[in-house]
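Bear in mind these aren't lab numbers, they're just calculated from the coordinates by the rules spelled out. Bear in mind the structure is a predicted one, so any value in this text is a computation, not a measurement. Glycine also receives a Cβ, built like all others from the backbone with ideal geometry; neighbour counts cover every protein chain displayed.
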Amino acid sequence: MADNALFEFLHMEIVAHVYKEQATREDIDKERVTCVSTLELMGFRVGQGLIERFTKDCPTFKDDLDIMKFLCKDLWSTIFKKQIDNLRTNHQGTYVLQDNKFALLTQFSSGKQYLEEAPKYLAFSCGLIRGALSNLGLESVVTAEVSLMPSCKFQVVIQKL
Amino acid sequence: LNGELKFHYTVHTSLDVVEEKISGVGKALADQRELYLGLLYPTEDYKVYGYVTNSKVKFVIVVDSSNTSLRDNEIRSMFRKLHNSFTDVMCNPFYNPGDPIQSKAFDSIVSTMMVQAC
């Protein structure tokens with residue numbers, strides 16, 4: 001379907017652009033951190049807007065777990081055309097979302113090649129999750145890890161006030 | 001200006017009622033998880049209706065008590081329109097969530113609705 005490819009290409013270009021912009025300034029160490037933050041913030045704002053649109057016609061969520069399930073099923077299907085494969089939680093505010101074939105990583109490799117580059121391409125999606133949760137009233141910290149492409153895990157830790 | 005202040009006051013006090021209603025959701029039945037909250041409370045001069053989105057944004061409509069022709073389903077559809085316009089505002093890249101809404105499109109939809117209701 002054409003629309004999948006559109007977003008994938010746009011996303012790749014966004015990442016490349018953000019890194020190219022940073023490369024024109026000095027300080028290699030800072031480069032990685034600020035690029036990832038820029039991408040994450042972009043994802044955050046997109047997540048906020050998207051969740052507003054997608055939850056327009058839903059009934060109110062019962063609790064945090066209900067929200068996470070919505071994220072894994074409905075939100076993931078709408079954006080990445082598949083659901084999260086595995087959701088685990090310690091029932092104390094930490095959730096691990098596992099996607100065995102993450103749409104934005106499938107074009108890279110099916111193993112360990114290009115593993116070091118993967119985090120750049122996960123920053124936006126981490127922000128997306130954080131933005132979506134934030135607009136639903138849950139402040140969180142979202143990180144991602146990849147050990148074998150195209151599978152990746154997003155860890156969400158809900159911040160209790 | 002006096003009139004505007006009264007409306008601000010009415011809306012602020014209605015927020016307490018909204019909070020009461022949404023915090024009762026967990027204990028209530030599953031199918032009471034609607035976004036539309038219905039009539040919050042009637043005063044001498046006004047009827048106040050509420051609606052909460054999943055993103056915890058609260059919409060409040062204050063209607064003159066003398067306007068008896070407005071039915072429940074009309075109020076519901078007004079809230080739907082508000083919710084739809086608000087979603088569009090949220091998706092506007094020039095809008096920063098949390099700021100006052102400055103979208104002219106949003107203003108015109110609200111004004112049209114108010115005119116139609118009278």
Cross-link list A:LYS81/A:LYS101; A:LYS81/B:LYS56; A:LYS73/A:LYS112: which exceed 18 angstrom alpha carbon to alpha carbon?
A:LYS81/B:LYS56; A:LYS73/A:LYS112
Report the net charge of residues surrounding A:ASN100, where surrounding means a beta-carbon distance below 13 angstrom and charges are Lys +1, Arg +1, Asp -1, Glu -1.
+1
Per-residue ellipticity at 222 nm for chain A, helices alone: DSSP H runs ≥ 4 residues times -39500 (n - 2.57), over residue total, nearest 500 deg cm²/dmol?
-15000 deg cm²/dmol
So, in nm, how far is label B:GLU44 from label B:TYR9 when the simple model puts each one 7 Å beyond its Cα toward the Cβ?
1.1 nm
Would you kindly calculate the mean projected area, averaged across all directions, of the convex hull enclosing the Cα atoms of region B:1-113, in square nanometres?
8.2 nm²
Of B:GLU44, B:GLU74, B:GLU19, the one that fluctuates the most in a GNM where chain B has Cα springs shorter than 10 Å
B:GLU44
Potential extension, A:MET12-A:THR94 segment - 0.36 nm per residue separation minus Cα distance:
26.6 nm
What percent do you get for the relative contact order of chain B when only Cα pairs under 8 Å and 6+ apart count?
16 percent
Comparing B:TYR49, B:TYR41, B:TYR95, which has the greatest mean-square fluctuation in the GNM of chain B with Cα pairs linked when under 10 Å apart?
B:TYR95
Between region A:79-97 and region A:126-143, how far is it from one alpha carbon centroid to the other, in angstrom?
13 Å
Once amide H atoms are built 1.01 Å from N in the peptide plane, which residues 5 or more positions from B:TYR41, or in another chain, come under 5 Å H to H?
B:VAL48
Taking chain A as a Gaussian network, Cα atoms linked when under 10 Å apart, which of A:LEU50, A:LEU148, A:LEU128 shows the biggest mean-square fluctuation?
A:LEU148
